[in-house]
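Notes to accompany the following structure.
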Amino acid sequence: MTGLPDHSPSPLIAAQDLRMTYRVGRGQVLRALDGVSLSVRPGEVLGLVGESGCGKSTLGRCLLRLVQPSAGRVVFDGTDITTLPERRLRPLRQDMQMVFQDSYAALNPRRRIGDLVAEPLRVHPAPGGGRRSRADIAARLAELMDLVGLPQQALARYPHEFSGGQRQRINIARALALSPRLVVADEPVAALDVSIQAQIVNLFMDLRDQLGLTYIFVAHDLAVVRQISTRVAVMYLGAIVELGEADAVLHRPAHPYTAALIAAVPEPVVRTGDLPPPLRGDVPSPIAPPPGCRFHTRCPVVRDRCRVDPPALRTLPDGREAACHYPLVGE
Ligand code: ADP
Ligand code: MG
């Protein structure tokens, strides 16, 4: 991790009690997000971890208003965007971009890279209003190829001519075309070979330093999260169960779920002394989450109170937040 987060009081993006429910047949309701609050300051990298199905992608999409949350608020740079009509959201969309896991999905296979990366530049007006000239677009494309470490010749080629890692560079170039301030990266390296993963993570870090970007970086690989994050949020069944400085959360986890995720790594990123046994079983269904603490059915240190009394996310003495009656550190 390089650089320091900006400790100015105003977050770039904040969520308050965000909820997302889906109706899933026979009148059942699935709570993909069950009251998520967080804020990210300019220059921070918030790592978002948790097993598959915990709501990470849903949170990313709600924050960028790619889907409309069922309840709660999203505030971007001081503007409440929760219910902002698309017309008024559009200028703000330039400031918030997403990079996905599947490097192919966003790239039309029949179009050249130059076309694909230029698309946002053609769709959105130039900063002073009006359309960008061909020369302006060409100059910006050249700049973007340099930024993501691809040769200029790449612009004339097609998506299938590139490796997965190179295609992620193309997706990153496209996401950066309009000089966004916030990038939500949803498992952007999960589908890549390990050696390539490191290159792409390094690219994300360089770009953040160079351009002053703010990231929300979703990953299930804790080594990747540790490398890139300034803060870490741990999600379980649609809720944040631990949130704090990356060092504290990953070296001295307070929530038994965080500790279990760390213990599940074959070669733990960090040795933290006594770790609980790895997690057993699957995440319960978000259609019928357990009563009390949502993690109690899998918690190795569960006590009676946990089965009936849901713990609120509260601030521990060291400043991190955890939703546990019996946190592993710092009471
Ligand atoms: P993650 O990214 O952590 O794997 P997701 O945000 O994709 O989790 O999903 C959270 C939960 O919401 C899962 O149980 C998933 O099946 C459910 N879900 C996500 N999108 C939809 C949808 N459009 N309709 C119904 N259920 C959904
Ligand atoms: Mg996901």
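The values are calculated or read from the model by the stated rules, or taken from the named source; none is laboratory data. Because the structure is predicted, anything quoted here is derived from the model rather than measured. Every residue, glycine as well, gets a Cβ built from its backbone with ideal geometry; the counts of neighbours run over all protein chains shown. For the accessible areas, the whole protein counts, side chains as well, though only heavy atoms, and no ligand, DNA or RNA atoms are used. Shrake-Rupley method; radii C 1.70, N 1.55, O 1.52, S 1.80 Å.
Some points to look at:
- With respect to the stated conditions, I137 is of a type in the set (A, V, I, L, M, F, W, C) and either away from ligand 2 (no atom under 16 Å from the Cβ) or in a loop (DSSP other than H, G, I, E, B) (or both).
- Counting the residues of the stretch 264-284 that are at pLDDT 80 or above and within 22 Å of the chain's Cα centre (by Cα) gives 2.
- Among the residues of this structure, T82 does not count as one that is open to solvent by less than 40 Å² (accessible area, probe 1.4 Å), within 16 Å of ligand 1 (Cβ to nearest atom) and polar (S, T, N, Q).
- Only residues that are under 15 Å from the mean Cα position of the chain (by Cα) and more than 16 Å from ligand 2 (Cβ to nearest atom) were counted in the stretch 226-241, giving 7.
- Some residue of the stretch 144-162 being over 22 Å from R122 (Cβ atoms), open to solvent by 10 Å² or more (accessible area, probe 1.4 Å) and touching a Ser or Thr at 6+ places or on another chain (Cβ under 6 Å): no
- Looking only at residues of the stretch 297-331 that are within 16 Å of V234 (Cβ to Cβ) and not in a loop (DSSP other than H, G, I, E, B), we find that the one that is least open to solvent (accessible area, probe 1.4 Å) is A322.
- Note on the stretch 27-38: among residues that are outside any loop (DSSP other than H, G, I, E, B) and farther than 22 Å from E187 by Cβ, the one that is nearest to ligand 1 (Cβ to nearest atom) is V29.
- Among (1) modelled with pLDDT of 90 or more; (2) closer than 16 Å to P327 by Cα; (3) assigned to a loop (DSSP other than H, G, I, E, B), the one test that P291 misses: (2)
- Those residues of the stretch 210-231 which are open to solvent by less than 10 Å² (accessible area, probe 1.4 Å), touching an Asp or Glu at 6+ places or on another chain (Cβ under 8 Å) and closer than 26 Å to P310 by Cβ, in sequence order: V218
- Hey, V49 open to solvent by less than 30 Å² (accessible area, probe 1.4 Å), within 15 Å of Y215 (Cα to Cα) and away from ligand 1 (no atom under 16 Å from the Cβ) or not: no
- Which listed residue, of L46, L12, L59, is within 15 Å of ligand 2 (Cβ to nearest atom), at pLDDT 95 or above and of a type in the set (A, V, I, L, M, F, W, C): L59
- Check on E187, surrounded by fewer than 18 Cβ atoms within 10 Å (Cβ to Cβ) and charged (D, E, K, R): no
- Residue that is nearest to the chain's Cα centre (by Cα) [pool: residues in the stretch 97-113 that are open to solvent by less than 10 Å² (accessible area, probe 1.4 Å) and either more than 12 Å from Q168 (Cα to Cα) or modelled with pLDDT of 95 or more (or both)]: V99
- Which numbered condition E187 fails, given (1) away from ligand 1 (no atom under 16 Å from the Cβ); (2) touching a residue at least 60 places away in the same chain (Cβ under 8 Å): (1)
- Elements of type strands (runs of 3 or more DSSP E) contained in the stretch 152-265, each with 3 or more residues being among the aliphatic types (A, V, I, L, M): 182-186, 231-236, 239-245
- Hits in the stretch 82-104 - residues which are charged (D, E, K, R) and touching a His at 6+ places or on another chain (Cβ under 9 Å): R90, R93
- Residue within the stretch 249-258 that is in contact with a Phe, Trp or Tyr (Cβ under 8 Å, 6 or more places away or on another chain) and within 16 Å of ligand 1 (Cβ to nearest atom) present: yes
- Any hit, the stretch 69-76, residues being touching a Phe, Trp or Tyr at 6+ places or on another chain (Cβ under 8 Å) and either in contact (Cβ under 8 Å) with a residue 12 or more places away in the chain or within 16 Å of ligand 2 (Cβ to nearest atom) (or both): no
- For the stretch 12-26, a residue qualifies if it is within 9 Å of ligand 1 (Cβ to nearest atom), surrounded by fewer than 16 Cβ atoms within 10 Å (Cβ to Cβ) and touching a residue at least 24 places away in the same chain (Cβ under 8 Å), and exactly one does: V24.
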